[in-house]
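As structure tokens, the structure follows; a few thoughts come after it.
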Amino acid sequence: MKSLKLTTLVAATAVALSAFSLPALAAEKVYKLKMAETWATNFPIFGDAPRNMVRIAEEMSGGRLKITIDSANKHKAPLGVFDMVRSGQYDLGHSASYYWKGKVPNTVYFTTMPFGMTAPEQYGWFYYGDGMKLMEKVYQPFGLLSFPGGNTGVQMGGWFRKEINSVEDLQGLKMRIPGFAGEVLAKLGAKPTNIPPGELYTALERNTIDALEWVGPSLDLRMGFHKIAPYYYTGWHEPATELQFLVNERTWKKLPDDLREILRVAMKVSAYDMYIQSYHESGVNWATMKSEYPDIQVKTFPQPVLNAMKKANDELLTEEAAKDPLAKEIIDSQAAYMKTARVWSNISDRAYLESVDRLDQ
């Protein structure tokens, strides 16, 4: 999807870089880079973000940056992007930071956190708070740089075969749920697992799992989960799921300064455009779901279940902070930023929506 706003921003940025004359740039070295993505070929929204980035980078560089993308069905390692970019097999990757928590636990905090920041709050933390600095601290020891790669906004709580009425219903529940939320559910007796996107429907259909969370209406309906699991729960675990662009640091250092800046801008613009696209698609698909799939039962977890999840989440955060000074720095930074930003979110977005809801219709 190529929005008017995206095109305008790219054009404006290109003008800002007009000090580099196109005839001169065309004669300079062409840098050919390779990117591995976690997603399958033509995967909507998630796959659009890296392709937008590639197109923007090539246009803004006058053809000096040419990036090819290998999808998961080609490189065969959807959850291996971290290692492939780190080793130099690929120059860049597009994935999600919390997929690497088994390798580097502190990567988990840079996708989203249960009961955490909304997308605008989290973008503020990344770009105007300590987010980018702390992410660099985590990734640089592995020869990697990480940049925000596109946000889904609030994700739904998942598709369940059976209704969740109590904390006891989570006991032994086999659920695909990655990141810190998986640890929260494990603490409450569930059995979380992480499964690549292309295998989710089959796992649910074959009873390998009892429930799963994926994204929300923007992507879930086309995956067909509602055909098997009719209970669709609202979110708690991923209020601002940010994907990531991974860059091999050796590749980054080989690029001229202007191409680094072009790449940085291309990643930032395509990430924000994914957020807009995801929001749009969720709104459209939610309306479709309500009219075409009336058997889907939209639920919110009972308050005792949410309370138990929040208590488990807080206990786990305390444990992680006690074990690792860098984890504590990240956790404290996010909590402090959210405390400040949430006051504004409440008096702006929340107050506006509540005021509109009270109007006579």
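The values are calculated or read from the model by the stated rules, or taken from the named source; none is laboratory data. Not measured: the values here are computed from a predicted model. Neighbour counts run over all protein chains shown; Cβ positions are idealised from the backbone, glycine included.
Total residues in the range 45-70 satisfying the condition of being in a helix (DSSP H, G or I) and either within 22 Å of GLU242 (Cα to Cα) or not assigned by TED's automatic domain parsing to the domain that holds ARG264 (or both): the figure is 10.
If you go through the range 205-238 and keep only what is in a loop (DSSP other than H, G, I, E, B) and touching a Pro at 6+ places or on another chain (Cβ under 8 Å), you end up with TRP214, TRP236, HIS237, GLU238.
Look at the range 95-120: where a residue is in contact (Cβ under 8 Å) with a residue 24 or more places away in the chain and a partner is among the basic types (Lys, Arg) and surrounded by fewer than 24 Cβ atoms within 10 Å (Cβ to Cβ), sitting 6+ places away or on another chain with Cβ atoms under 7 Å, you get THR107/LYS101; VAL108/LYS101; PHE115/LYS310.
Based on this model, can you work out whether THR241 counts as crowded, with 22+ Cβ neighbours inside 10 Å, within 19 Å of the chain's Cα centre (by Cα) and under 27 Å from HIS94 (Cα atoms)? Yes; evaluated as a whole, the condition is true for this residue. Being within 30 Å of THR300 (Cα to Cα) and not assigned by TED's automatic domain parsing to the domain that holds PRO178 narrows it down to one of PHE82, PHE115, PHE142, PHE160, so name that one. Matching residue, one of PHE82, PHE115, PHE142, PHE160: PHE115. Kindly provide the set of residues from the range 281-307 that are aromatic (Phe, Trp, Tyr) and not in a helix (DSSP H, G or I), ordered by number. Correct list: TYR293, PHE301.
Scanning the range 168-182 for residues that are at negative phi and surrounded by fewer than 19 Cβ atoms within 10 Å (Cβ to Cβ) yields GLU168, ASP169, GLN171, LYS174. The residue list LEU204, LEU246, LEU188, LEU221 contains one member that is in the same structural domain as ARG86 (by TED's automatic domain parsing) and in contact (Cβ under 8 Å) with a residue 24 or more places away in the chain, which is LEU246. Taking ALA26 as the residue in question, decide whether it is of a type in the set (Gly, Ala, Ser) and modelled with pLDDT under 95. When the stated conditions are applied, ALA26 passes them.
Just one of the numbered conditions (1) in contact (Cβ under 8 Å) with a residue 24 or more places away in the chain; (2) outside any loop (DSSP other than H, G, I, E, B) is not true of GLU199: (1).
May I ask you to verify whether VAL298 is of a type in the set (Val, Ile, Thr) and within 18 Å of PRO239 (Cβ to Cβ)? Judged against the criteria, VAL298 is a match. Inspection of the range 261-277 identifies no residue that is surrounded by 15 or more Cβ atoms within 10 Å (Cβ to Cβ), out of contact with any helix residue (DSSP H, G or I) (no Cβ under 6 Å at 6 or more places or on another chain), part of a loop (DSSP other than H, G, I, E, B) and aliphatic (A, V, I, L, M). Testing TYR233 on (1) hydroxyl-bearing (Ser, Thr, Tyr); (2) closer than 30 Å to ARG206 by Cα; (3) in the same structural domain as TYR139 (by TED's automatic domain parsing), one condition comes back false. Which one is that? TYR233 satisfies all of (1) hydroxyl-bearing (Ser, Thr, Tyr); (2) closer than 30 Å to ARG206 by Cα; (3) in the same structural domain as TYR139 (by TED's automatic domain parsing) except (3). Within the range 81-94, the set of residues being without any contact (Cβ under 8 Å) to a residue 40 or more places away in the chain and under 27 Å from ALA321 (Cα atoms) comprises ASP83 only.
Entry remark, the range 140-153: residues being within 10 Å of the chain's Cα centre (by Cα) and not polar (S, T, N, Q) number 4 in total.
Within the range 257-275, one or more residues are in contact (Cβ under 8 Å) with a residue 40 or more places away in the chain and more than 30 Å from VAL30 (Cα to Cα).
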